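The values are calculated or read from the model by the stated rules, or taken from the named source; none is laboratory data. Bear in mind that the values here come from a model prediction, so they are computed numbers and not experimental data. Positions of Cβ are backbone-derived with ideal geometry, glycine not excepted, and every protein chain shown enters the neighbour counts.
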Amino acid sequence: MKRKIIAYNFVFPEVLEPLKDEYEIDLFDKIDPKTEPAFIDALKDAEGIIGLSLPVNTELLDCAPKLKIISNNSTGYNNLALDEMTKRGVMGTNTPGVLEGTTADAIFGILLAAARRIPEMDQFVKTGKWKHYLTTEQFAVDVHHKTLGIIGMGKIGSEIAKRGALGFDMNILYHNRSRNPEAEEKYNAEYREMDSLLTESDFVVLMTPLTPETENLMGAHEFKLMKPSAIFVNGSRGKTVNEKALIDALRNKEIYGAALDVYQVEPVMQDHPLLQFKNVVTTPHLGSATFETEQKMAKLAIENLKAGLKGIRPRNLVNPEVLDVM
């Protein structure tokens, strides 16, 4: 009898083919892992799980006594209850170093879209409203030579800084848990405390990981500090922003607009107030969603999975403490 692997919301299942000689692979897509009987049953014998956005908590782990590794097909891993996994000797991995440039392209892209009102003007043309030359009602704002404030100057934040500094001659400010000397040298980035960054920036880009410290990092106080002409961009995680505070800031014209790739609940509901604003660009968590990058991530996730199933330390182990209890 073959050992079992579960693939959950895995974008390229064909890359699992080499494992089929040794493992039985159960594929699950667009199901509720809490209530899907086949998924719950598969957990009983699963030694590995690979996929995207699976909430791994105590309840799931209780159903998976043979589990050795969970290979996240993403850079983020806030869906993993790492402390509980470590207690049970379950490894967790992610796929860093693959998607930074691609995600930076996407986040800078929605920044540009919001500033130049591209989605709105696209509809302006397609709905037949373009009858003559543009008036001030259709004018937008410049991006070049403006001040870009980045909250979270990690690898993706640094890639965004590069695009802003070298491509658009922007002044770069940043706030981070620790200073980033490389960004300061390469992009002339200047460190700021959070409040100062918010008051000085024309564009505020949030790129922090989701942690207890960053949950609801952007709230009413923070939006009130921003310029009325500023645009807020979220490319981190939805829960880093108090969405009610953002909605209030937009309604009260405390900020010029927003560009969002992530939301507190995903997929976002069609009646969500944020979808009603013309000055808010919304995309469906598409940061890494290109064929090239997703294939690289899938291959790296497979490498991590194979190592963990063999009892070897995976290259991208996110809970190294687990090695002491295995």
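Structure data summary
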| item | result |
| --- | --- |
| Checking residue 302 against (1) without any contact (Cβ under 8 Å) to a residue 40 or more places away in the chain; (2) surrounded by 16 or more Cβ atoms within 10 Å (Cβ to Cβ); (3) outside the structural domain of residue 158 (by TED's automatic domain parsing), the condition it does not meet | (1) |
| Some residue of the stretch 123-132 being modelled with pLDDT of 95 or more, of a type in the set (Ser, Thr, Tyr) and surrounded by fewer than 11 Cβ atoms within 10 Å (Cβ to Cβ) | yes |
| Hits in the stretch 100-117 (condition: surrounded by fewer than 24 Cβ atoms within 10 Å (Cβ to Cβ) and either outside any helix (DSSP H, G or I) or within 14 Å of the chain's Cα centre (by Cα) (or both)) | 100, 101, 102, 105, 106, 116, 117 |
| Considering residues of the stretch 166-181 that are under 25 Å from the mean Cα position of the chain (by Cα) and closer than 28 Å to residue 122 by Cβ only, the residue surrounded by the most Cβ atoms within 10 Å (Cβ to Cβ) | 170 |
| Scope the stretch 255-281; condition buried (at least 19 other Cβ atoms within 10 Å of the Cβ) and not in a loop (DSSP other than H, G, I, E, B); matching residues | 257, 258, 259, 260, 280, 281 |
| Qualifying positions in the stretch 218-254 - of a type outside the set (S, T, N, Q), buried (at least 21 other Cβ atoms within 10 Å of the Cβ) and assigned to a loop (DSSP other than H, G, I, E, B) | 226, 230, 235, 237 |
| Some residue of the stretch 6-25 being under 23 Å from the mean Cα position of the chain (by Cα), surrounded by 12 or more Cβ atoms within 10 Å (Cβ to Cβ) and free of Cβ contacts under 8 Å to residues at least 12 places away in the same chain | no |
